[in-house]
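Inspection log for the structure reproduced underneath, given as structure tokens.
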Amino acid sequence: MTRMDWTTAEVAYLVENAGRIPKREICKYLKRRSESVKQKAKALRAQGIPVDLRCYRPKLEACPACGCMRSTLGKHGICEVCRKRAQLTAIHSRISRLLHQIPFEERERYAETEAETESANDPMPRSPSLEGLSYYATCKAKEARDRAMEAWQIRNLTRQVKAAQKRKERIQKKANR
């Protein structure tokens, strides 16, 4: 079997599409054997060019309510963040209705003291450095960041929901007196 040198166009195609399309498709397009493509990718990595033949398959899906990429959509078809926000909105709506049931003086006093009780938020996850990463590694890092952001939002919203529920319970007691 004769050795075929790589053309500039073939190398450019490999660099551009590695990680975006499966290796077998690259081999088919370039009309080269799998081992040849692997060896060329290895040589390019040795030269400092980030080439990864693993094809990236996203595991996140878009939430139809907010449009953000989320790891799980619940049984209602929306993400946990949207569900928590809706829950928080419902609790705040109930609180506003309950506030009108307590006397005005007590409502004012309650508003002054309640402003002091704020729950702290967790720090936001850091963005990963994407310099020098292959397409595959960049996508994986971005997906990990999206997952971390989703978890961070859920933790903070859960804390806010719990605080709002407690506040609603306190107002409910005052309204029932």
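The values are calculated or read from the model by the stated rules, or taken from the named source; none is laboratory data. What you are looking at is a predicted structure, and each value in this text was computed from that prediction instead of being measured. Positions of Cβ are backbone-derived with ideal geometry, glycine not excepted, and every protein chain shown enters the neighbour counts. Areas reflect the complete protein model, heavy atoms only, side chains present, ligands, DNA and RNA absent. Shrake-Rupley method; radii C 1.70, N 1.55, O 1.52, S 1.80 Å.
Some points to look at:
- When the chain is treated as a GNM with alpha-carbon contacts under 10 Å, the residue of 140, 23, 75 showing the greatest mean-square fluctuation is 75.
- Model label sites at residue 36 and residue 75, defined 7 Å from Cα along the beta-carbon direction, differ in position by 5.5 nm.
- For residue 12 and residue 144, a Förster radius of 22 Å and the Cβ-Cβ distance give a FRET efficiency of 0.15, rounded to the nearest 0.05.
- Span-rule helices in the chain, defined as complete DSSP H runs reaching 20 Å or more along the axis (Cα) with Kyte mean at least -0.5: 80-99
- Other residues whose C-beta falls under 11 angstrom from the C-beta of residue 135 contribute a net charge of +2, scoring Lys and Arg +1 and Asp and Glu -1.
- Selected from 138, 113, 158 as most flexible by GNM, with the chain as the system and alpha-carbon contacts under 10 Å: 113
- The base-10 log of I(q)/I(0) for the chain, evaluated at q = 0.08, 0.15, 0.19, 0.20 Å⁻¹, reads -0.48, -0.93, -1.16, -1.21 [Debye formula, identical scatterers on Cα atoms, solvent excluded].
- Accessible surface for the chain, divided over its residues, is 68 Å² per residue with a 1.4 Å probe.
- Amide H contacts of residue 70: 61, 62, 63, each under 5 Å away and 5 or more positions distant or on a separate chain (H built 1.01 Å from N in the peptide plane; Pro and chain starts excluded).
- From its DSSP helices (H runs of at least four residues, each -39,500 (n - 2.57)), the chain gives a residue-normalised ellipticity at 222 nm of -20000 deg cm²/dmol.
- When the chain is treated as a GNM with alpha-carbon contacts under 10 Å, the residue of 97, 70, 147 showing the greatest mean-square fluctuation is 97.
- Note on the chain: with charges restricted to the Cβ of Lys and Arg (+1) and Asp and Glu (-1), its dipole about the Cα centre is near 800 debye.
- Two-site FRET efficiency, residue 105 against residue 161, from Cβ-Cβ distance with R₀ of 30 Å, rounded to 0.05: 0.55
- Accessible heavy-atom area order of 71, 127, 134, highest first, probe of 1.4 Å: 127, 71, 134
- Pairs of Cα atoms nearer than 8 Å and 6+ residues apart set the relative contact order; for the chain it is 25 percent.
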